[in-house]
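Remarks on the structure that follows.
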Amino acid sequence: MEATEHTPILLQQADLAVEISKGALTGLTYQGFEYMHKASEPGWGHSDTEMFPIIGPTSDATYRVQVPRGHALLDQHGLLRELPYTVNEASDTEVVLEKSYTAGTPIQNSKFPERSQLRMQIWPYDFQFTKRISLHLDRVEVSFEVRGEKDMPFMLGYHPAFAIRSKKAGVLAGDQAFDMDAIMGVGDRALHVPDCRNIRLEDGQKNLQLRTDGFQSFMLWSPDPGMLCIEPITFYPYDAGTGKLHEGFTHLGAESQHFLLTILLEG
C-alpha cells in the first residue's frame, strides 16, 4: 500500500476498521460503531496526538525546561506534534509512522502568537520517534519506540479522544470510578489516575478497555460532555510544579525504549 503523511490510510480486519490522517488515529469503528471523537465535534479540535519530550504547561517557566545540556525551549506538551510523520510501512492491517529531529533545530511553534509567546521550540538532543498502529480482530495496538542519544531525558504521553454518547458514562480504574462531572470538574489540569495500567470506559452498551505497557499512569481530560481523552503518561506534570518538570524525566538508555497502548473493544 502506498501512502504519504497527508494521504488518509484505512486499515481493516473483519469487523474492525481504523482511519489514520496525518499520523493521527481519526477513526476507530468496530461492528459499525465509531469510538473516536471527531475534530469537527464540540470539545477538542483533534482526535489524538503525542506529548513528547515534555508533558504539561511550560509558560509559567518562560518556556524553559531544565535538561542536562542546559535549558530546552518547549511549549506545552513539547515539539513532537509540530513535526510531520513519514509513512515507513503500510498494509491492510498495520501502519508504521516515524518522526525525526536533529538537535538544536528551531521548530516553528504553531501556537504563536495567538496562544503562546514562544515563537520557536528547540530541543538539544537528536531523536527518532516511531508510532505503529496495528489491528487484531477485537483490539487496536498503538505502540511507540523512542530512539536517540544515550541519557536523553524525555516524557511521553499519548492523547487519544473518545466519543461519549451516554449521560451516565464513566471510567473504572481498579476500585476507583470517575463520572464525567468529576473528570470535567478538574479542568485543564486533567484528572490523574496514578499507578494505573488498565482502565475501562463504560458508555452505555459500547465499552472499551485500555491496557498499557511502559506507561506509569493515566490522565483523564474533557472540555465537553460529548468526548473524553484517556491519556497514558510516563509522568503527571502537576506533581512537580512550575520549574521542576525535569524531575519527571525518563532517561534513554543505550537501547531504544518501547511503549504500548492496547485498546480492547466490546461489541
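Read the figures in this text as sums done on the coordinates, not as results from a lab. Quick caveat: nothing in here was measured; it's all calculated off a predicted structure. Because the Cβ atoms are built from the backbone with ideal geometry, glycine has one as well, and the counts that use them run over all protein chains shown.
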Problem set entry | Rounded to whole Hz, the Karplus (6.51, -1.76, 1.60) HN-Hα couplings of region 227-235, x for glycine and proline | 8, 8, 9, 10, 10, x, 9, 8, 7
Exercise. Would you list 184, 219, 227 from fewest to most Cβ contacts within 10 Å?
Worked result: 184, 227, 219
Problem set entry | Under-5 Å amide H pairs with residue 49, H placed in peptide plane, nonlocal only | 159
Exercise. Along region 14-23, what does the Karplus equation 6.51 cos²θ - 1.76 cosθ + 1.60 (θ = phi - 60°) give for ³J(HN,Hα), rounded to whole Hz, x for Gly and Pro?
Worked result: 6, 8, 10, 9, 9, 10, 10, 10, 6, x
Problem set entry | From phi via Karplus (6.51, -1.76, 1.60), per-residue ³J(HN,Hα) for region 40-47 in Hz, x at Gly/Pro | 7, 8, x, x, 9, x, 9, 10
For this session: On a C-alpha basis, how far is the centre of region 60-116 from the centre of region 229-267 in Å? Whole number, if you could?
Result: 15 Å
Exercise. Based on DSSP H runs of at least 4 residues, each adding -39500 (n - 2.57), what is the mean residue ellipticity at 222 nm of the chain after dividing by all its residues, to the nearest 500 deg cm²/dmol?
Worked result: -500 deg cm²/dmol
Exercise. Once you charge only the Cβ atoms, +1 for Lys and Arg and -1 for Asp and Glu, what is the size of the charge dipole of region 9-265 about its Cα centre, to the nearest 20 debye?
Worked result: 440 debye
Problem set entry | chymotrypsin sites (Phe, Trp or Tyr not before Pro) restricted to DSSP loop in region 159-267 with at most 15 other C-beta within 10 Å | none
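What number in nm² do you get for region 37-108 if you take the convex hull of its Cα atoms and divide its surface by four?
Answer in nm², one decimal: 7.0.
So which of 168/244; 38/244; 206/244; 111/167; 38/167; 38/99 end up more than 29 Å apart, counting from Cα to Cα?
Working: 168/244 38 Å; 38/244 34 Å; 206/244 40 Å; 111/167 33 Å; 38/167 18 Å; 38/99 24 Å.
Result: 168/244; 38/244; 206/244; 111/167 exceed 29 Å.
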For this session: Using only the Cα atoms of region 92-197, each taken as one equal point scatterer with no solvent, compute I(q) by the Debye sum, divide by I(0), and report log10 of the ratio at q = 0.09, 0.13, 0.16, 0.23 Å⁻¹.
Result: -0.41, -0.84, -1.12, -1.22
For this session: List the relative contact order of the chain as a percent without decimals, with contacts defined as Cα pairs under 8 Å and 6+ residues apart.
Result: 19 percent
For this session: Towards the positive end of the charge dipole of region 9-265, with charges on Cβ (+1 Lys, Arg; -1 Asp, Glu), say which of 10, 173, 128 has the farthest Cα.
Result: 128
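For every other residue with a beta carbon closer than 13 angstrom to the beta carbon of residue 216, add +1 if it is Lys or Arg and -1 if Asp or Glu, then tell me the sum. Mind showing how you got there, number by number?
Details: positive: 197; negative: 195, 213, 231, 239.
Counting the neighbours of residue 216, the net charge comes to -3.
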Seminar exercise, completed: The extension gain from residue 192 to residue 167, computed as 0.36 nm times the residue separation minus the Cα-Cα distance, is 6.8 nm
Exercise. Where the Cα atoms of region 9-265 are projected onto their three principal axes, how long is each span, largest first, in whole Å?
Worked result: 51, 42, 34
Exercise. Looking at the P(r) of region 1-141, how many percent of alpha-carbon pairs lie beyond 22 Å?
Worked result: 47 percent
Problem set entry | Low-density loop cleavage sites - GluC sites (Glu not before Pro) in region 1-83, where at most 13 other Cβ are within 10 Å (DSSP) | 2
Exercise. Where does each of 16, 137, 74 land when they are ranked from fewest to most other beta-carbon atoms within 10 angstrom?
Worked result: 137, 16, 74
For this session: Could you pull out the trypsin sites (Lys or Arg not before Pro) across region 114-194 that fall in loop regions by DSSP (anything but H, G, I, E, B) with no more than 15 other Cβ atoms inside 10 Å?
Result: 115, 119, 150, 165, 167, 168
